[in-house]
Amino acid sequence: MPKSTYRNLITDVPGLRVGNAHDERLMSGVTVVLGEAPFVAAFDPRGGGVGSRETDAMRHEGTVDEVHGLVLSGGSAFGLDAAGGVQAWLREQGIGFQVREARVPIVPGAILFDLLNGGNKDWGRSPPYADLAYTAASQATTDFDIGSVGAGFGATTAVLRGGLGSASACLDDGTVVGALVAVNPAGSVTIGEGPHFWAAPFESFHEFGGLGWPRSIDEKDRAIRLKGAAGESTVLGVIATSARLDRRATSRLAIMAQTGLARAIYPVHTPLDGDIVFALATGLTPPPDAIAGLARLGSVAADVLARAVARAVHAAAPAPPGWSGPPAWIERFGKG
């Protein structure tokens, strides 16, 4: 990947675009991933309370091998409406799975809980998430902001404001791997009461402050910090690659990438969480070796996802007026 085009975003994977839309009064939002062409997709759910839509379309026994978009949304179960907004936009572009003269866009999605962060959730009869998703899809591009945007706008961790994060890497053979994540876990992304990140060993280019590890990690730093009650926390991850993979290999990529959440969040995959990782393959570069090559690809994917988690929290903006969640990293620790 030429340095001149490196963004450290999931859109470093050729053929992908990302759109964000959020409402500051609502304190919630939506993030959409689109491809220049249909992509192969799979998923791996690990949390105790996953909320998703159209994931059956990605199962091995399914007959539809193409996916046209992916959506991450706030709003808990109300946010499942977001996929309909992406479908509407794609349908207007003539994009979808063709059934004779009809086209049906396949848009899986997942949601996180952000209903108690102080925003005005009195939206009336219809939740706003389909409209937000339509806007996000129409604005999707290769350059996008991270932090307090899109699906990460209303997110929180156990001790700090959450957010939307992204990162990427390029393997020696030219394969590109990118991650996108909405960080809203029950656990913590930082170590103890300090500014250091659990994902520190995987950091590149001082992308989340370059603080490294603290001088020591004691029992107090390892104390388990949890937020809220069951159903209030979720990490929504997306790992994408330029490699040509079938659905079975894409599923293995999602499984391996989940390790990245364990490298960046403590604790993770709890009964309180709805964690899920999607994997996307655009197929624009050659496939890896089925064993060793896929193992290397999955290992890098886990590292990239861990970095994206830390970047989300590090980039979170100061809390808006009316916010009832924890402070942002920058509010608590300045610029480090």
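Every read-out reported here was derived from the displayed coordinates using simple, explicitly stated rules and does not represent laboratory data. Everything numeric in this text was worked out from a predicted model, so none of it was measured. A quick note on method: Cβ atoms are made from the backbone with ideal geometry, for glycine too, and the neighbour counts reach across all protein chains shown.
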#### Entry: Cα-based convex hull volume of the chain per residue, rounded to whole Å³
129 Å³
### Message
Among the complete DSSP H segments of the chain, which ones combine at least 18 Å of alpha-carbon extent along their axis with a mean Kyte-Doolittle hydropathy of 0.5 or more?
### Response
292-314
### Hull-based mean projected area of region 233-332, where the convex hull spans the alpha carbons, in square nanometres
7.7 nm²
### Query
Counting other Cβ atoms within 10 Å, which trypsin sites (Lys or Arg not before Pro) in region 103-146 have at most 12 and lie in a DSSP loop?
125
### Message
Are there any trypsin sites (Lys or Arg not before Pro) in region 15-63 that are in a DSSP loop and have at most 15 other Cβ atoms within 10 Å? List them by number.
### Response
25, 59
### Query
Rg/Rh for region 122-214: what does it come to with C-alpha atoms and Rh from Kirkwood?
1.05
### Task
Mind sorting 203, 66 by how few other Cβ atoms lie within 10 Å of their own Cβ, fewest first?
66, 203
#### Entry: Ranking of 95, 224 by count of other Cβ atoms within 10 Å, fewest first
224, 95
### Task
Please state, as a whole number in µm²/s, the translational diffusion coefficient that the Stokes-Einstein equation yields for region 2-56 at 10 °C and 1.306 mPa s, with Rh defined as the Kirkwood radius across alpha carbon pairs.
111 µm²/s
### Summary
Counting Lys and Arg as +1 and Asp and Glu as -1 over every other residue whose Cβ sits under 13 Å from the Cβ of residue 328, the net charge comes to +2
### Query
In 10 Å bins starting at 0, how do the alpha-carbon pair distances of region 1-153 split up by percent?
12, 39, 35, 13, 1
#### Entry: Cleavage-rule hits (trypsin sites (Lys or Arg not before Pro)) in region 297-336: DSSP loop, at most 13 neighbouring Cβ within 10 angstrom
335
### Query
Where the centre of each part is set by its Cα atoms, how far does region 194-225 sit from region 69-122, in angstrom?
35 Å
## Note on the structure
Expected sort for 198, 323, 123 with the fewest Cβ neighbours (10 Å cutoff) up front is 123, 323, 198
### Among 110, 57, 155: highest mean-square fluctuation, GNM of the chain, C-alpha pairs under 10 Å
57
### Rg to Rh quotient for region 153-301, alpha carbon positions, Kirkwood Rh
1.00
